[in-house]
Each structure stands twice: as C-alpha cells, then as structure tokens.
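The values are calculated or read from the model by the stated rules, or taken from the named source; none is laboratory data. Everything numeric here is computed off the predicted structure, so don't read it as measured data. A quick note on method: Cβ atoms are made from the backbone with ideal geometry, for glycine too, and the neighbour counts reach across all protein chains shown. Areas reflect the complete protein model, heavy atoms only, side chains present, ligands, DNA and RNA absent. Shrake-Rupley method; radii C 1.70, N 1.55, O 1.52, S 1.80 Å.
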Amino acid sequence: LRYVDASEVPEGLPMVRKWDTAASAGKGDFTAGVLMAGPCKEGRFYILDVVRGQWEPDEVNRVLLQTAQKDGARVKIIVPQNPGDAGVFQARMFIQHLAGYNVSAERETGSKEVRAEPFAAQVNAGNVVIVRAAWNGALVEEMRSFPNGKHDDQIDAEAGAFNILALGPRVRFSF
C-alpha cells in the first residue's frame with residue numbers, strides 16, 4: 001500500500017462513501033463508512049476517509065448525516081439493503097434521513113470474500129492509495145487479517161466503494 005497526503009490526491013475524481021452498518025453500542029460489529037475516489041488517469045483508487053464505530057441506531061443515523069454534511073453533495077452515498085422486509089425498511093429510513101444527498105441503497109450478493117476479490121487484486125497490484133490519517137492502522141490491520149480476522153466491516157465498505165467506482169453505475173433497486 002502506498003500512502004499520500006490529502007493534497008496529493010488528484011482533484012475532480014468520482015467519490016463514493018459506502019456504509020456497512022451495525023447497531024450495537026460498544027460491542028459486536030462496527031458501523032464503517034469508507035470514502036473512496038477514483039480511478040485517476042493512471043488507474044489508481046484513493047481511500048480518502050474512514051468513519052468507524054460501535055454505535056446504537058440513533059447514533060448511527062447521526063453519524064451518517066454528519067458525515068454526509070462533511071463530505072458534501074458531490075459524494076455518492078451507498079447504504080446497505082439487507083435481505084427481507086426489515087432490510088428494506090432500514091434502507092428506506094437511511095435514505096429518508098439523508099434527504100438532499102445523493103444516496104441509494106444497494107443489495108449485496110455473494111460472500112464478503114467474493115465481493116472483496118476485485119478490490120484485493122487492485123491492492124496487490126499497487127493501484128490503491130491511502131491518505132495518511134489516524135484511521136490507517138485499524139484499516140490496514142483489518143485488511144491484513146481478512147477473512148480470518150475478528151472484524152470485516154471496513155473491508156465490506158471499501159470493497160463496495162471500489163466495486164461501484166470500478167464498475168460504474170448499476171441498476172438500483174426500488175422499494
């Protein structure tokens with residue numbers, strides 16, 4: 001992995017913040033939102049920011065909105081749509097909560113390992129760059145221990161952001 005200062009990231013790249021959500025304060029899975037940009041003309045993707053924590057549902061909503069406000073309207077926000085009626089309801093609530101931002105829900109299919117393979121290939125080829133920040137250590141440790149580590153929330157979010165940027169627009173699911 002290559003690290004750069006934020007000032008070294010090319011301007012004007014498409015940006016996506018992908019969320020992997022959880023709802024347990026102080027235990028269990030993390031809620032993680034990865035902001036990624038790319039590809040640049042050399043084919044590199046940039047991890048710009050990671051927001052991560054173990055929050056109760058109201059705090060997750062607050063963090064998602066606060067992060068959208070910080071990121072700005074230019075960033076495409078992707079929230080998960082888990083299977084079943086509860087997942088549809090949760091996705092609707094996230095979208096409603098983020099009214100005014102470019103947000104959509106996306107169903108995830110296949111295992112996390114399969115979804116992460118295209119991203120891992122680009123990491124291994126040296127095409128993923130990370131902006132130096134306090135969150136780097138936790139992110140890289142999770143990447144190193146995947147898929148056998150205790151947590152995979154950042155991986156799921158960054159792989160999702162990468163796949164959206166690399167594959168371009170896809171059909172979105174309606175409710």
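A few remarks follow.
- Helices (runs of 4 or more DSSP H) completely within the stretch 102-175 that count 3 or more residues being out of contact with any helix residue (DSSP H, G or I) (no Cβ under 9 Å at 6 or more places or on another chain) and without any contact (Cβ under 8 Å) to a residue 60 or more places away in the chain: 112-124, 136-145
- Selection status of V114, more than 20 Å from F45 (Cα to Cα) and open to solvent by 10 Å² or more (accessible area, probe 1.4 Å): no
- Filter pass, A121 being more than 17 Å from the chain's Cα centre (by Cα), small (G, A, S) and more than 27 Å from N61 (Cβ to Cβ): yes
- Some residue of the stretch 21-32 being modelled with pLDDT of 95 or more, of a type outside the set (V, I, T) and in contact with a helix residue (DSSP H, G or I) (Cβ under 9 Å, 6 or more places away or on another chain): yes
- Among residues of the stretch 61-81 that are without any contact (Cβ under 8 Å) to a residue 12 or more places away in the chain and within 11 Å of T21 (Cβ to Cβ), none has a beta-carbon under 9 Å from a residue that is open to solvent by 10 Å² or more (accessible area, probe 1.4 Å) and assigned to a helix (DSSP H, G or I) at least six positions away or on a different chain.
- Screening R74 on (1) more than 22 Å from A138 (Cβ to Cβ); (2) surrounded by fewer than 20 Cβ atoms within 10 Å (Cβ to Cβ); (3) under 15 Å from the mean Cα position of the chain (by Cα) shows it passes everything except condition (3).
- Qualifying residue in the stretch 135-142 (condition: at pLDDT below 95, open to solvent by less than 40 Å² (accessible area, probe 1.4 Å) and within 28 Å of R74 (Cβ to Cβ)): yes
- Taking the stretch 55-101 as the range and being assigned to a helix (DSSP H, G or I), more than 27 Å from G38 (Cβ to Cβ) and touching a Gly at 6+ places or on another chain (Cβ under 9 Å) as the test, only E59 passes.
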